[in-house]
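Take this structure first; my questions come after.
The values are calculated or read from the model by the stated rules, or taken from the named source; none is laboratory data. Predicted model only: the values in this text are computed from it and were never measured. FYI the Cβ positions are ideal-geometry reconstructions off the backbone, even for glycines, and counts take in every protein chain you see.
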Amino acid sequence: MILRTLAILLAGWTAMALVMALLWVLQKRTGRAGVVDVAWAGGIAALSILFAAVASGDPARRILVAALAAAWGLRLAWHLHTRLGRTGEDGRYAQMKRRWGDKADRYMLGFYQIQASWSVIFAMPMLVAAGNPAAFPQAYDIAGAAVWVIAVAGETIADRQLGAFRESPANKGRVCRDGLWGWSRHPNYFFEWVHWWAYVAIGLAAPWGWLTLLGPAVMLCFLLKVTGVPPTEAQALLSRGEAYREYQRTTSVFFLWPPRKESRA
């Protein structure tokens, strides 16, 4: 069982490593390193379908897990793809390239390969959930699907609110506080994190079910400490200055929370 699981994960990693290597070549030609985000989301969707297909759990649950993960990943991949086409190179990656200087190409290749590894790790909860042998449906299957709906709906709403705000020329240089963005500086990240709890609900009772906790745990670390909030807010401070500092003083960084009164000190 363990050897079979390791073989499945190794096959997934090999496929993603090859995809990321090809996309690294592509980004050298286009200058748009943000394609790695599109591949990361789409790759998790593809891996989830593969993992669900070869898992040994109840067939109906395997279909549910594959459908949820694929719908989430493809929606996110399409959103990132359209944003990349509209805005060009992501400011985070432009800053990384400037910091790396002459070593940017080599470091970026390593970065892409790290993303290949992380895509497999993030798809692991789907493999575990799809391996749950209990008869389908259980109450936790329904709970997991409900968490998924709430999370994806919230993330979609946040993305659309921010997109609508940015489309207005009058908002250039301003900070979006519309809708969910008035309650969190990163509501899209928050609901992205909530989404991973769907697979915890579905898979926690499965053999090795505790591995499903890797999804929300690692994602929270990434969003708050690595690739999410820190570079996004650094870029926002460069482009919006004091307006964004005021936003930081009055609005929750991650969890949805009523905004504090503005401080003019």
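Please find, among GLY163, GLY173, the residue that is assigned to a loop (DSSP other than H, G, I, E, B) and over 19 Å from GLY215 (Cα atoms).
The unique qualifying residue is GLY173.
Looking at the structure I just gave you, is TYR199 in a helix (DSSP H, G or I), in contact with a Pro (Cβ under 6 Å, 6 or more places away or on another chain) and within 20 Å of ALA77 (Cβ to Cβ)?
yes
Against the condition among the hydroxyl-bearing types (Ser, Thr, Tyr) and crowded, with 21+ Cβ neighbours inside 10 Å, how does TYR107 come out, does it pass?
For TYR107, the condition - among the hydroxyl-bearing types (Ser, Thr, Tyr) and crowded, with 21+ Cβ neighbours inside 10 Å - is not met.
Listed here are the residues, each with its yes/no results for (1) assigned to a helix (DSSP H, G or I); (2) within 14 Å of the chain's Cα centre (by Cα); (3) modelled with pLDDT under 85.
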residue	(1), (2), (3)
LEU9	yes, no, no
GLY12	yes, no, no
ALA15	yes, no, no
LEU18	yes, no, no
ALA21	yes, no, no
VAL36	yes, yes, no
ARG61	yes, no, no
ALA67	yes, no, no
ARG83	yes, no, yes
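Which one of the conditions (1) more than 19 Å from LEU211 (Cα to Cα); (2) assigned to a helix (DSSP H, G or I) does PRO137 fail to meet, given that it meets all the rest?
Result: PRO137 passes all but (2).
So, one more: Could you list, ordered by first residue, the pairs with Cβ atoms under 9 Å in which the first is in segment 64-90 and under 15 Å from GLY163 (Cα atoms) and among the aliphatic types (A, V, I, L, M) and the second is at pLDDT below 95 and part of a loop (DSSP other than H, G, I, E, B), at least 6 apart or interchain?
Final answer for the pair search is LEU80/GLY34; LEU84/ARG32; LEU84/GLY34; LEU84/ASP90.
Pairs only if they're at least six apart or on different chains, beta carbon under 7 angstrom, first in segment 29-48 and in contact (Cβ under 8 Å) with a residue 24 or more places away in the chain, second aromatic (Phe, Trp, Tyr) and surrounded by fewer than 23 Cβ atoms within 10 Å (Cβ to Cβ); list them, first residue then second.
Taking only residues 6 or more apart or on different chains, the pairs are ALA33/TYR93; GLY34/TYR93.
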